[in-house]
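Student: Right, I'll just put the structure down here and ask away after.
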Amino acid sequence: MIKQSAFKVEPWCLRETALDFDMLGQSESLFALSNGHIGWRGNLDEGDPHGLMGSYLNGVHEIRPLPYGEYGYGYPESDEAVVNVTDGKLIRLLVDDEPFDVRYGELHSHERVLDFRTGLLERKAEWSSPSDRRVFVTSTRMVSLVQRAVAAIKYEVEAIDRPVRLVIQSELVVNEEPPPASGDPRVAAVLAAPWEAEGFASDGARIELAHRTKNSHITVAVAADHVVTGPPSTQVLAESFPDLGRVTVTTTLKPGERLSIVKYVAFGWSAVRTREALSDQVDAALVVARQSGWDGLVAEQRGYLDDFWDRADVQIDGDEEIQQAARFSLFHVMQAGARSERRAIPAKGLTGSGYDGHAFWDSESFVLAVLTYAIPEAAAHALIWRHDTIPVAKERAELLRLKGAAFPWRTITGKENSAYWPAGTAAFHVSADIADAVMRYLHATQDEAFERHVGLELLVETARLWLSVGHYDVHGGFRIDGVTGPDEYSAIADNNIYTNLMAQRNLRFAADVAALHLDRCDELDVKKEEMTAWRDAAEAMVVPFDHTLGVHAQAEDFTSHQMWDFAATTPEQYPLLLNFTYFDLYRKQVVKQADLVLAMFTRGDYFSKEQKRLNFDYYERITVRDSSLSACTQAVMAAEVGYLSLAYDYLAEAALMDLDDLEHNTRDGLHVASLAGTWIALVSGLGGMRRTLDSLSFAPQLPEGITRLSFGVVFRGRRLRVDVTPTSTTYSLKEGEEIEFFHFQQAVAVAQGRPAVLETIASGYATSAKPPSQPVGRAPAHRVADGVNQPKELRSE
């Protein structure tokens, strides 16, 4: 999508200089604003035209029954789906009784800019009505990163060449018309009119609505207040109805005169608190917002983002498009988790209703991998949410006749929402992914209070799960059979390597941490014998290897399966899940997304250098990347095994996943994990960052075309910046006490004012080797030195 001439490549913003009505859904996702609690899609202020209307509160959902043709034991009986809450974005303009609608009259100019440094979405439009009344409209929108319950809009209209009579209707609207239903399982369920009115009020320039969902019984209160500045003739009227609150502003402008409205919107929700309590809450939020004023809110926002970019900015020289995409990605990952505070981080963040607003394993494996080193407190809150859901996960485990906590494949509240058990319930690796996120966070922060009160219990209950899911075979090996790994085209497999290796580390780390908190172990009923059993199972873990082919099998006997007929598969048949039965997919060697390759990244300590190279070559030829989660992992491992050009290609694919709408579903919301994958591909791929036993290590190397890479990492209270060129790497400590880490195999120590400059060492692999090929038609676009994607056939190794 960014290829369109309407979008400009700039380092610190996303700028659209013309409207494309056919691409409104996609642009609404790209221009979405969020703070992790409130989410506003980038809909036009006037509401129409639109692709997908969207106003969300994290955790607010409705419940619908899950019908089955044949019900089975343990199937979830209901499903949670995100729903639009009260829409506070709407501001309609009438010019001499004619509505401002970009489809009518004449649109002389139209520009939208999402500024990554200010967190503001600005829109400018010059428009003439059908009766030739010309106005200039400016709208600036924010969702506050500081005042969690508040969003605001500054809306201004200026008369251009003759007097105009204006009417502005600023609204709160509930139960907006839903989009048409879709057969794509990645698209949200359609829930019509899920809200029932609980109350409404209006006074002066203030309106308020309160509603309750029909089945989940969640109450939401939303209030809006307005500050109006205009000619003396300006009048303001507020009115409210069960599903509509409206403030109407009328005035007449002379040429050059301007009407300005600042709209403050406050949100509150609860499944247990009363409507009156929620009304008091939003009243208080509005008071604080109005006291701050528009300029105060803008200053707070800039201050938050200045601090964020100081910690997390990634700078790339040599490819302006990837530079823009990297900051776009970081900005949206930040928005997804900044103020989510004990709520899940959905797969689409709060940018759209795709996947029904559910959170999956990719929150822990990809999004928290970024937040841990950029906003560690946000990562902690996401894991505290998982901790809060332990009782539900233990109930699920008991239903499955297992011990410990069986965390769900997809969820909003912690309940399992997957109706397809081979790719849902059987994907037990999600529990190890949560444990791994705990390990990562503790390693990066040394947060002892979190370890004792949150981390330990998550580790204990996931370790208990593995001991009950797995079993010892006659040879003494500990097996985990009948599970599904990250590759959803291979289900109900025995000894999936990713699952087994992640479970192995889960078991070991749970025992290590438990040994440090024996008093808490008494509270959790953890005995020394249980800790020993965890260590024994980890030591005996089965890891399949195909001695004939000389590679690890993704799961037991996987490499014996029939090879998928890639040559006979047309481009139109991807993604395969929409065109082939799972029976066909499960029996063949075809990989939806990195699975064993992901294991080589997350458990790189298990594999030798040569095994990584051989495994990568084998699985590259059968991985079709029907998931947005794959490219970043393939970028990391391609860089590690010496295929820097291929790593660059996969970096670009991850970075441009939504900007170029590569999956053709950006309209349903952004792929937040793939956006996080941009950072992972840059920092863990080209920067070579890995966790060591007690620190970090870096192995930086740059592909042709990128002349400099600089990134920041927050680690144990320090702010470290790594600056890589093809010949040297500089490590600088910006904040905190002296820190020690590794540059390749060399121990390095830096302090503030005492950077270290070291040689950028070439990969130990034969970097001149030709990378393996991909399945027919599934190669990534080649990234050439000037930052342009080229078809695969133009690649020249």
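The values are calculated or read from the model by the stated rules, or taken from the named source; none is laboratory data. Please read these numbers as outputs of a predicted model, since none were measured by experiment. Heads up, the Cβs are rebuilt from the backbone with ideal geometry, glycines too, and the neighbour counts pull from every protein chain shown. To get the accessible areas, we keep the full protein, side chains included, count just its heavy atoms, and leave off ligands, DNA and RNA. Shrake-Rupley method; radii C 1.70, N 1.55, O 1.52, S 1.80 Å.
Student: Testing HIS547 on (1) of a type outside the set (A, V, I, L, M); (2) open to solvent by 50 Å² or more (accessible area, probe 1.4 Å); (3) closer than 22 Å to TYR643 by Cα, one condition comes back false. Which one is that?
Tutor: With (1) of a type outside the set (A, V, I, L, M); (2) open to solvent by 50 Å² or more (accessible area, probe 1.4 Å); (3) closer than 22 Å to TYR643 by Cα applied to HIS547, the lone miss is (3).
Student: From ARG508, ARG535, grab the single residue that is out of contact with any Phe, Trp or Tyr (no Cβ under 8 Å at 6 or more places or on another chain) and either part of a helix (DSSP H, G or I) or under 21 Å from ASP473 (Cα atoms) (or both).
Tutor: Answer to the selection: ARG535.
Student: Turning to a different aspect of this structure: Look at the range 116-156 and say how many of its residues are of a type in the set (Gly, Ala, Ser) and in a strand (DSSP E or B).
Tutor: 5
Student: Also: Residues in the range 720-729: is at least one surrounded by 20 or more Cβ atoms within 10 Å (Cβ to Cβ) and touching a His at 6+ places or on another chain (Cβ under 9 Å)?
Tutor: Scanning the range 720-729 turns up at least one residue that is surrounded by 20 or more Cβ atoms within 10 Å (Cβ to Cβ) and touching a His at 6+ places or on another chain (Cβ under 9 Å).
Student: So VAL750 passes all but one of these: (1) open to solvent by less than 80 Å² (accessible area, probe 1.4 Å); (2) at pLDDT 95 or above; (3) part of a loop (DSSP other than H, G, I, E, B). Which condition number does it fail?
Tutor: (3)
Student: In the range 641-683, what residues are open to solvent by 10 Å² or more (accessible area, probe 1.4 Å), assigned to a helix (DSSP H, G or I) and not hydrophobic (A, V, I, L, M, F, W, C)?
Tutor: Correct list: SER645, GLU653, ARG667, ASP668.
Student: Taking only pairs six or more apart or across chains, which ones have beta-carbon atoms under 6 Å, a first residue in the range 534-562 that is free of Cβ contacts under 8 Å to residues at least 60 places away in the same chain, and a second residue that is of a type in the set (A, V, I, L, M) and open to solvent by 10 Å² or more (accessible area, probe 1.4 Å)?
Tutor: Filtered contacts from the range 534-562: THR559/LEU549.
Student: Listed residues ALA437, ALA426, ALA406, ALA432; which is within 27 Å of LEU596 (Cβ to Cβ), in contact with a Gly (Cβ under 8 Å, 6 or more places away or on another chain) and aliphatic (A, V, I, L, M)?
Tutor: None of the others qualify; the one that does is ALA426.
Student: Could I ask something else about it? Please verify whether GLY199 is more than 20 Å from LEU172 (Cα to Cα) and touching a residue at least 60 places away in the same chain (Cβ under 8 Å), treating the condition exactly as stated.
Tutor: no
Student: Report yes if some residue within the range 560-577 is part of a helix (DSSP H, G or I), among the charged types (D, E, K, R), open to solvent by 30 Å² or more (accessible area, probe 1.4 Å) and over 26 Å from GLY404 (Cα atoms); otherwise report no.
Tutor: Among the residues of the range 560-577, at least one is part of a helix (DSSP H, G or I), among the charged types (D, E, K, R), open to solvent by 30 Å² or more (accessible area, probe 1.4 Å) and over 26 Å from GLY404 (Cα atoms), which makes the answer yes.
Student: Where in the range 1-48 are there strands (runs of 3 or more DSSP E), lying wholly inside it, with at least 3 residues that are closer than 22 Å to ARG148 by Cα?
Tutor: 38-40
Student: On to the next question. Looking only at residues in the range 49-60 that are closer than 15 Å to GLU176 by Cα, in contact with a Leu (Cβ under 9 Å, 6 or more places away or on another chain) and assigned to a loop (DSSP other than H, G, I, E, B), which one is most open to solvent (accessible area, probe 1.4 Å)?
Tutor: That would be HIS50.
Student: I would also like to ask the following. Within the range 330-345, is there a residue that is under 20 Å from the mean Cα position of the chain (by Cα) and either free of Cβ contacts under 8 Å to residues at least 12 places away in the same chain or farther than 18 Å from ALA379 by Cβ (or both)?
Tutor: No, there is no match, as no residue in the range 330-345 is under 20 Å from the mean Cα position of the chain (by Cα) and either free of Cβ contacts under 8 Å to residues at least 12 places away in the same chain or farther than 18 Å from ALA379 by Cβ (or both).
Student: Can you find even one residue in the range 274-290 that is in contact with a Leu (Cβ under 9 Å, 6 or more places away or on another chain), modelled with pLDDT of 95 or more, closer than 19 Å to LEU90 by Cβ and open to solvent by less than 70 Å² (accessible area, probe 1.4 Å)?
Tutor: Among the residues of the range 274-290, at least one is in contact with a Leu (Cβ under 9 Å, 6 or more places away or on another chain), modelled with pLDDT of 95 or more, closer than 19 Å to LEU90 by Cβ and open to solvent by less than 70 Å² (accessible area, probe 1.4 Å), which makes the answer yes.
Student: Can you tell me which residue in the range 578-594 is farthest from PRO775 (Cα to Cα), limited to those that are open to solvent by 70 Å² or more (accessible area, probe 1.4 Å) and of a type outside the set (Ser, Thr, Tyr)?
Tutor: Among them, the one singled out is PHE583.
Student: Here is a list: ASN58, ASN35. Which entry is touching a Gly at 6+ places or on another chain (Cβ under 7 Å) and either of a type outside the set (S, T, N, Q) or in contact (Cβ under 8 Å) with a residue 40 or more places away in the chain (or both)?
Tutor: One residue alone meets the criteria, ASN58.
Student: Residues of the range 753-795 being surrounded by fewer than 13 Cβ atoms within 10 Å (Cβ to Cβ), over 30 Å from GLN324 (Cβ atoms) and modelled with pLDDT under 60, which ones?
Tutor: Once the filter is applied, which keeps residues that are surrounded by fewer than 13 Cβ atoms within 10 Å (Cβ to Cβ), over 30 Å from GLN324 (Cβ atoms) and modelled with pLDDT under 60, the range 753-795 yields GLY764, ALA766, SER768.
Student: Additional query: Can you tell me how many residues in the range 80-115 are touching a Lys or Arg at 6+ places or on another chain (Cβ under 6 Å), more than 20 Å from ASP20 (Cβ to Cβ) and crowded, with 23+ Cβ neighbours inside 10 Å?
Tutor: Total meeting the criteria: 1.
Student: Separate question: Going by the conditions given, is GLU239 touching a strand residue (DSSP E or B) at 6+ places or on another chain (Cβ under 6 Å), open to solvent by 50 Å² or more (accessible area, probe 1.4 Å) and closer than 23 Å to ARG165 by Cα?
Tutor: yes
Student: Now a separate question. So which of LEU458, LEU467, LEU442 ends up being touching a helix residue (DSSP H, G or I) at 6+ places or on another chain (Cβ under 7 Å), open to solvent by 30 Å² or more (accessible area, probe 1.4 Å) and within 17 Å of ARG505 (Cα to Cα)?
Tutor: When all the criteria are applied, what remains is LEU467.
Student: Go through (1) surrounded by fewer than 24 Cβ atoms within 10 Å (Cβ to Cβ); (2) of a type in the set (A, V, I, L, M); (3) free of Cβ contacts under 8 Å to residues at least 60 places away in the same chain and name the single condition VAL483 misses.
Tutor: Of (1) surrounded by fewer than 24 Cβ atoms within 10 Å (Cβ to Cβ); (2) of a type in the set (A, V, I, L, M); (3) free of Cβ contacts under 8 Å to residues at least 60 places away in the same chain, only one is false for VAL483: (1).
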